Amino acid sequence: HPPSSWSLLTWLQRPTLHDAAKKERPDAPPSISLSAAKEWSPPSIKEEMPSPNMTKAEIDRKAMPPPPPPFKKPNQKQPLPTISGDEDKTPTVPTFTLSSSTPSFPSLNSAQRTSSNRLPPPSFPAPNSAQRASGGPGAPPRLPALTPSSSSSSSSNLISPPIRSPVQLPNRTPTNSSFSLAPPPTHSAIPTKPRKKVLLTPGHSPLDWARLSSSPSANLRGLPPSTPYLRVPPSLLKQMTGRKGKDAWTVLGGKVYNISPYAPYHPGGEPELMRAAGRDGSKLFGEVHPWVNWEGMLEGCLVGIAVEEAEVGPENKMEEMD
Ligand code: HEM
């Protein structure tokens, strides 16, 4: 094992130095191959025991690991392998395409890459895997066997990764499932009540209503100006049906609104709206369009709040309103 003060990079790159040394001195004993790298270990302290007459500085220098080799930028002569196997382009950064050739592996500065570009990529899937056993048109091509001198034992069995075939892919949802690009069923669910939009008369669009209801001069409550908010008991509410010359009131969320001015603007039509007149329309409203912001739309129409019969004082009697 390397001394702990060594950086991992230095340690990994050490076979490169040996490799280079081997090139310079072909007669040198074969020192490092990829498999031999596993067994390599840095020189032990015992081997380099300091002689008694060495100075402390010399001893320290000896004990230090060798400096890392200078970074070598890959050049034209030593193209990096890419997954596309296109040796001519020689990119400085490893690239990949979706083509079926050799993947770019190991990583750019790993020991395996620097020590030997001649070694084939790692075997994947494993030679005895189910993917290989299935064979067929997608069976991977075998690489020519390596010469015994270039690598040891197991690496001669290496073959390139399998070519992606358009045939069956494992663990994929079958195409006969209900998959589609349609939104999930919750978004396309049919509403409980059918939508019945009506054609509004000119000048009664939602925008027209927005303009009218935000105008301070409009009296949408149907009450004398500056009338305070009323406490409306059921007995009073049920008289306000929009008939007999009276306005139509409804209750939404406990608040009483005069819906008569809104009737010609209601996209669902006046008859539909009037189904809520003279009573609590919260349930009807929620069944048809719970997304509609009634509080904002009917703000100017607010008459008061709905209360129980017993809660009403004599001042809120109908007679006093007339
Ligand atoms: C009382 C206050 C109400 C307000 C402020 C109101 C407002 C609206 C609005 C803004 C739309 C258009 C919705 C859209 O396009 O998405 C609409 C449509 C509609 N409303 Fe109302 N509505 C009210 C009450 C009612 C009531 C009580 C009913 C029925 C009993 C009703 C039935 C409909 C129908 C059938 C449509 C057309 C269908 C649709 O567009 O979904 N509305 N209403």
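A few notes on this one:
- Count of the stretch 269-285 residues which are over 21 Å from P233 (Cβ atoms) and charged (D, E, K, R): 3
- Meets criteria (in contact with a Leu (Cβ under 9 Å, 6 or more places away or on another chain), outside any helix (DSSP H, G or I) and within 6 Å of the ligand (Cβ to nearest atom)) for P267: yes
- The residues listed here are L236, L223, L298; of these, the one that is surrounded by 16 or more Cβ atoms within 10 Å (Cβ to Cβ) and within 52 Å of the chain's Cα centre (by Cα) is L298.
- When the criteria are applied in full, V251 fails the requirement of being in a loop (DSSP other than H, G, I, E, B) and either at pLDDT below 95 or within 11 Å of the ligand (Cβ to nearest atom) (or both).
- Filter result for A276 (small (G, A, S), outside any loop (DSSP other than H, G, I, E, B) and either free of Cβ contacts under 8 Å to residues at least 24 places away in the same chain or closer than 17 Å to L298 by Cα (or both)): no
- Qualifying position, being modelled with pLDDT of 95 or more and either part of a loop (DSSP other than H, G, I, E, B) or more than 15 Å from the ligand (Cβ to nearest atom) (or both), among L199, L169, L223: L223
- Evaluated against (1) within 13 Å of the ligand (Cβ to nearest atom); (2) assigned by TED's automatic domain parsing to the domain that holds I259, R211 falls short on exactly one condition, (1).
- Pick from the stretch 283-308, criterion within 23 Å of S205 (Cα to Cα) and in contact with a strand residue (DSSP E or B) (Cβ under 7 Å, 6 or more places away or on another chain), ranking: farthest from the ligand (Cβ to nearest atom): L302
- Being in contact with a strand residue (DSSP E or B) (Cβ under 9 Å, 6 or more places away or on another chain), aliphatic (A, V, I, L, M) and modelled with pLDDT under 95 is a property that M274 lacks.
- E272 satisfies every condition listed in (1) exposed (fewer than 13 other Cβ atoms within 10 Å of the Cβ); (2) near the ligand (Cβ under 9 Å from one of its atoms); (3) among the charged types (D, E, K, R) except (1).
The values are calculated or read from the model by the stated rules, or taken from the named source; none is laboratory data. Bear in mind that the values here come from a model prediction, so they are computed numbers and not experimental data. Counting neighbours? That spans all protein chains shown, and the Cβs are built from the backbone with ideal geometry, glycine included.
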